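The values are calculated or read from the model by the stated rules, or taken from the named source; none is laboratory data. Because the structure is a prediction, the values reported are computed rather than measured. For neighbour counting, all protein chains shown are included, and Cβ atoms are generated from backbone atoms with ideal geometry for every residue, glycine included.
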Amino acid sequence: MIKDYWHRVCRMVREDKLFSSIYISGTALSIAFTMVMAISYYVKLAPIYPEANRKHTLYMKHARFQEQQDEASYDAGYSVRAVEEWFYTLKNVEMVSAERSVPQGSYVRLPDGRGELQVTAKFTDPAFFKIYSFRFIEGSSLSESDFEAGTLTAVVSDKLARVVFGSDSCIVGRTLKMGYKNYRICGVVEEASSLAEASYAQVYVAYNRKETESMGGRYGVLPYMGRMEVTLLVKSGEQEKALRKELADIVRRYNASQDAYRLELCGQPTSHFRSVFQDYMSETSLLDSEAVRSLLFVLCVLLLVPGVNLCGVIAGRMESRVAEMGIRKTFGASRAVLLREVVNENLVFTLLGGMFGLVLAWLMLVIFRQWVFDMLNPFPGNKFIGSSPLVSGEMLFSPVVFLLVFFFCIVFNLISALVPAWLSLRQPVIKSMNEER
Amino acid sequence: MFKIILKNLWSRRNYNVWLFLELILVTVIAWVVVNPVVQLLHNRSLPLGYDADRLCLIKLDSDWSEDVRDTLTTREEAVRIIADRLQGMEEVENVLLEYYSTSLGTEFVWRGKYSSKFRPDSPVETFQLIFQKGKKYFETFGIKSLPGSPSPEQLSEGINVPNGVVVTRSFAIALFGTDRVVGDSISLCGQNEDRYSRIVGVVEDVRVRSYSDVATVVFSTDMYPMNQLPHIVVRLREGVSPSLFSEKIAAQSNRELCSGRQFIRSILPFEDLARQTEYSFGITNEVRLDIALAVFFMVSLCLGVVGSFWFQTRRRKEEIFIMRSFGATRRTIVSMLLGEGVVMVTMAVFVGCMAYLQYIHQVGTQSIRELWEEGFFVDSCFSNFTFHFTVVSFIVYVLLLAVVCLGIYIPARRT
């Protein structure tokens, strides 16, 4: 039966090349654009190198200090004091890492007077390399002793090592001049894609406590406000709940200790999933996010509009099969059986179109990678200007991607084939058989 | 023929309903995606109000190699020395010191509300820009003054009036109803009520950002405590290329053009600065997404129309042969089919636009104009809602008509 079915479909493709080509092209286009959107967000959400623990990673980027006397409030990061007193002492957490936000790029001095190179640098701590699973080509991560002592050591990416030193081997122990400071390289890692935003950098160095503290705003008035952001790794949902309780206790103790300012965490720590879609700290629901609303709108129209479009094509196609359906009804085929058959036959075309669409989506993601991954971001900042993010195989060829394609194909097939087929099969048998071909 | 077209459309309504539905959906979506693109193109076509040609922003950085932090005063002094050295270069016409958020072309610009003595309850929201007296500010930016106002040179030198400000034409009209306001007083809301600033000059309108409409602007010399280093704006002489100048600076910056721990990090022509600002604010992304969606829907619509009308011409072969036998030419038949498409598109666009109009009235008519910023914009052709809606609807209609006619012509020419 499956063989007959398959032969019938192949015959249909050959018989009506016009219908086949239009249907498959329309489906491919719709699936391609849908998959571009879906993969761009999949890359931000799924575990990719080195952010393998995204599911259990939480972020605390801001705090709000609300003045009690008037309505003024200050949204900023945390100071080194806050990091050491509140976060490094947390009990319900696997790992805690803090990093200093760097508003402008850093510059590395190229040897032999070749000038300077702008790089992305992270000023962090040794725990950073325990949260993110970097692959070390040489050496090791920042050490606790160097961090405590304030020694200038750095971990660099392999690509940067090749640009600066001409090679990515025998780099450990060499000196990197960045920001007019000399760092001793202690490790070389495989460079991550800039799409892994939380962990991407070309140089990783330890933040200097004293220097970082002096950069904090309103120091003295708000000693816990500064420029640090904190990343937390938990092992399970239960630990996350306990962590939130512990942080709530910290907030309560702080607010009870003074009455000038009220500390609010605004729902933090934020899960990775939420952080991808959240535009502002104050958004309580994902639907408040412009990125989420834009994504839902775009996905709906990308499937719905071409689906309605192809309904017309299928309605025309069904007309030529009305007599066939009429004869089969006289032999006892029920409407449900015929409907299922028509929808399944169309599913073959949809899957063919889906395959072409997926290949087209891959091509679009690679060719337009400079801007397509940030297309729905309302505030991209200066992230990708002039840079081409690395798009790796694990991002494009994941099983989840194929499952998504299959799911969208099913949805698309239902939208485009179900209604016109059902309407066509409603006709009485006599009328179907007498219908002029 | 029009009656025949309507009869044909009605008799095939079962097949045409899907196309019609799709045309309505695409009309609404096309409106959403075409509107920002049309607005951006319109805004970019407006004069900037200042001359961005050969204007460059010079960003400075500090050398922290000795791990010693200079005071802000020391760094400011170093910046002034660099500015003086740049002024001495033959390629440079003029040099200004500007502060971020009070300068044309930067990402964030201060805002405030000003009122007048006679209209204290109707303040006007405006951008606030700061300039330094005696530094040829208006000449460097190429901002022109209105007749009846002092010349740009006089305004730059500074009229000896305490708290003197310069305003743009649109601000003057918004607050006073006329642009002859030299000598009138305005007050910044939120400040001391007795503190008035005197208008010493009126200049032509400027656009603070490349993507936005003309806005009200007040230029003041009041230097608020700026806890930041200034950056340098340079006007190059005629015939000097910004890229060559940038290369020359890069070669010299470590030797001749540094002072103390300050040195020149980069030079950015104002055109590039505008593109960067548009990107950071998501304007570029939005336009790219809109264009990508527009192309997608038009191609998709074209495929659907080609498919539908190809089936129709196949089904209507007998009818077409009969018409040909009665003397109808191929041209007549193609015109009839195109006519069916035109009528369908016209009806669908009308329905789609009316449906979207209801939505706009619910969310507020300013939502179609204030896409990227609120409140400061002066009246332009796009501030008239009816005009704005009509223009964009017409553009959508023309686009859809072109796509549908192409989709019909491809199968129809085979008849």
Practice item. Determine whether the stretch A:39-55 contains at least one residue that is within 14 Å of chain B (Cβ to nearest Cβ), touching a residue at least 40 places away in the same chain (Cβ under 8 Å) and either in contact with a Ser or Thr (Cβ under 8 Å, 6 or more places away or on another chain) or not in a helix (DSSP H, G or I) (or both). Key: no
Study note, to complete from the structure: Per the filter on the stretch B:279-301, residues more than 9 Å from every other protein chain (Cβ to nearest Cβ) and in contact (Cβ under 8 Å) with a residue 12 or more places away in the chain are B:283, B:287, B:290, B:291, B:294, B:298
**Study point:** Test: residue in the stretch B:302-316 that is farther than 18 Å from residue B:410 by Cα, within 14 Å of chain A (Cβ to nearest Cβ) and crowded, with 19+ Cβ neighbours inside 10 Å
**Key:** no
Exercise for review: Report, by residue number, each residue of the stretch A:270-293 that is modelled with pLDDT of 75 or more and either over 26 Å from residue A:375 (Cα atoms) or facing chain B (nearest Cβ under 10 Å) (or both).
Suggested key: none
**Study point:** the stretch B:85-99 - residue that is outside any helix (DSSP H, G or I) and free of Cβ contacts under 8 Å to residues at least 40 places away in the same chain and, of those, farthest from residue B:134 (Cα to Cα)
**Key:** B:89
Check your understanding: So which pairs qualify, if the first residue must be in the stretch A:188-202 and under 21 Å from residue A:138 (Cβ atoms) and assigned by TED's automatic domain parsing to the domain that holds residue A:162, the second must be among the acidic types (Asp, Glu) and modelled with pLDDT under 90, the Cβ gap must be under 8 Å, and the two must be at least 6 apart or on different chains?
Key -> A:188/A:168
Practice item. Tell me, yes or no, whether the stretch A:199-212 has at least one residue that is in contact with a strand residue (DSSP E or B) (Cβ under 6 Å, 6 or more places away or on another chain), modelled with pLDDT under 90 and in a helix (DSSP H, G or I). Key: yes
Check your understanding: Out of all the residues in the stretch B:260-269, is one or more within 11 Å of chain A (Cβ to nearest Cβ), of a type outside the set (Asp, Glu), part of a helix (DSSP H, G or I) and surrounded by fewer than 20 Cβ atoms within 10 Å (Cβ to Cβ)?
Key -> no
Revision key, fill the gap. Note on the stretch A:230-261: residues at pLDDT 90 or above and not in a helix (DSSP H, G or I) are A:230, A:231, A:232, A:233, A:234, A:235, A:236
**Study point:** The listed residue being in contact with a Lys or Arg (Cβ under 9 Å, 6 or more places away or on another chain), among the aliphatic types (A, V, I, L, M), within 14 Å of chain B (Cβ to nearest Cβ) and more than 30 Å from residue A:372 (Cβ to Cβ), out of A:205, A:108
**Key:** A:205
Point to revise | Residue match in the stretch B:38-53 (condition: farther than 30 Å from residue B:302 by Cβ and within 14 Å of another protein chain (Cβ to nearest Cβ)) | key: no
Point to revise | Qualifying position, being of a type in the set (S, T, N, Q), crowded, with 20+ Cβ neighbours inside 10 Å, in a helix (DSSP H, G or I) and touching a Phe, Trp or Tyr at 6+ places or on another chain (Cβ under 6 Å), among B:170, B:156 | key: B:156
Exercise for review: Give just the number: which of (1) among the β-branched types (Val, Ile, Thr); (2) modelled with pLDDT of 80 or more; (3) over 21 Å from residue A:405 (Cα atoms) does residue A:322 not satisfy?
Suggested key: (2)
Check your understanding: Limited to the stretch A:90-130, what total is found for residues that are out of contact with any strand residue (DSSP E or B) (no Cβ under 9 Å at 6 or more places or on another chain), of a type outside the set (Lys, Arg), loosely packed, with under 15 Cβ neighbours inside 10 Å and assigned to a loop (DSSP other than H, G, I, E, B)?
Key -> 1
Point to revise | Residue check for residue B:239: modelled with pLDDT of 85 or more and closer than 27 Å to residue B:43 by Cα | key: no
Point to revise | Selection status of residue B:116, surrounded by fewer than 20 Cβ atoms within 10 Å (Cβ to Cβ), within 35 Å of the chain's Cα centre (by Cα), away from chain A (no Cβ under 14 Å) and closer than 30 Å to residue A:298 by Cα | key: no
Exercise for review: Could you tell me whether the stretch A:131-152 includes any residue that is closer than 24 Å to residue A:50 by Cα, buried (at least 17 other Cβ atoms within 10 Å of the Cβ), at pLDDT below 90 and under 30 Å from the mean Cα position of the chain (by Cα)?
Suggested key: no
Practice item. Could you check how many residues of the stretch A:131-183 are of a type in the set (Val, Ile, Thr), more than 29 Å from residue A:234 (Cβ to Cβ) and not in a strand (DSSP E or B)? Key: 5
Study note, to complete from the structure: Counted residues in the stretch B:48-79 being under 20 Å from residue B:248 (Cα atoms) and either aliphatic (A, V, I, L, M) or at pLDDT 85 or above (or both) come to 8
Check your understanding: Is it true that residue A:65 is away from chain B (no Cβ under 12 Å), surrounded by 14 or more Cβ atoms within 10 Å (Cβ to Cβ), under 24 Å from residue A:264 (Cα atoms) and touching a Phe, Trp or Tyr at 6+ places or on another chain (Cβ under 6 Å)?
Key -> yes
